[in-house]
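Asker: The structure follows.
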């Protein structure tokens with residue numbers, strides 16, 4: 001019996017393994033762009049972002065499948081599911097400022113005043129009226145609106161400067177919002193992309 005088929009089989013398996021590892025996996029990234037580079041032909045930043053993603057794909061694919069969110073308030077850019085080679089192409093653009101890979105983080109504390117070293121009787125905590133009438137934005141992976149921490153007894157009305165909203169969804173009722181929990185929205189596409 002010849003040993004020739006065994007080396008051939010090993011080479012074949014090695015080639016298959018290399019081909020499998022060459023397939024690129026998608027990861028979620030936030031892409032920060034310089035909005036001054038947006039061509040005037042695009043009416044919105046989102047249409048520009050979709051165009052960028054469409055340029056990375058074959059003519060039969062759709063960039064809408066990659067785009068998760070388009071940002072144009074605090075920063076300009078978008079979040080998308082990209083392969084390393086697609087990301088590399090975007091990073092070559094003069095409009096590209098930074099890339100932030102999506103990551104999961106764990107809660108560090110539920111006792112913010114203590115964690116921040118705020119003193120009850122002196123310093124910035126009492127000088128700022130203990131945060132009274134301050135709108136705090138929180139990105140949370142889930143809240144329990146029935147919790148006593150969201151009880152709005154004694155709270156003043158929602159500030160007129162508040163521009164947010166309380167979204168109604170199958171997983172969250174807008175009736176759970178009150179004078180303390182003044183807004184709730186879903187931004188779960190990045191999370192679902194990992195699922």
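Asker: So which residues in segment 17-33 are outside any strand (DSSP E or B) and either surrounded by fewer than 10 Cβ atoms within 10 Å (Cβ to Cβ) or modelled with pLDDT of 95 or more (or both), if there are any at all?
Answerer: 18, 19, 20, 21, 22, 23, 25
Asker: Just wondering, is there one or more residues in segment 168-176 that are loosely packed, with under 11 Cβ neighbours inside 10 Å, in a loop (DSSP other than H, G, I, E, B), at negative phi and without any contact (Cβ under 8 Å) to a residue 24 or more places away in the chain?
Answerer: There is at least one residue in segment 168-176 that is loosely packed, with under 11 Cβ neighbours inside 10 Å, in a loop (DSSP other than H, G, I, E, B), at negative phi and without any contact (Cβ under 8 Å) to a residue 24 or more places away in the chain.
Asker: With a cut-off of at least 3 residues that are over 29 Å from residue 48 (Cα atoms), name the helices (runs of 4 or more DSSP H) lying wholly within segment 81-147.
Answerer: 112-115, 124-127
Asker: Return the only residue of 47, 103 being at pLDDT 80 or above, at negative phi, within 23 Å of the chain's Cα centre (by Cα) and surrounded by 10 or more Cβ atoms within 10 Å (Cβ to Cβ).
Answerer: 47
Asker: Determine if segment 148-166 includes at least one residue that is modelled with pLDDT of 85 or more, within 26 Å of residue 68 (Cα to Cα), surrounded by 14 or more Cβ atoms within 10 Å (Cβ to Cβ) and in contact with a helix residue (DSSP H, G or I) (Cβ under 8 Å, 6 or more places away or on another chain).
Answerer: yes
Asker: Still on this model: Which residue, of 111, 69, is surrounded by 11 or more Cβ atoms within 10 Å (Cβ to Cβ) and either modelled with pLDDT under 85 or in contact with a strand residue (DSSP E or B) (Cβ under 7 Å, 6 or more places away or on another chain) (or both)?
Answerer: Answer to the selection: 69.
The values are calculated or read from the model by the stated rules, or taken from the named source; none is laboratory data. Note that this is a predicted model, so its numbers are computed, not measured. Methodologically, a virtual Cβ is constructed for each residue, glycine included, from the backbone with ideal geometry; neighbour enumeration extends over all protein chains shown.
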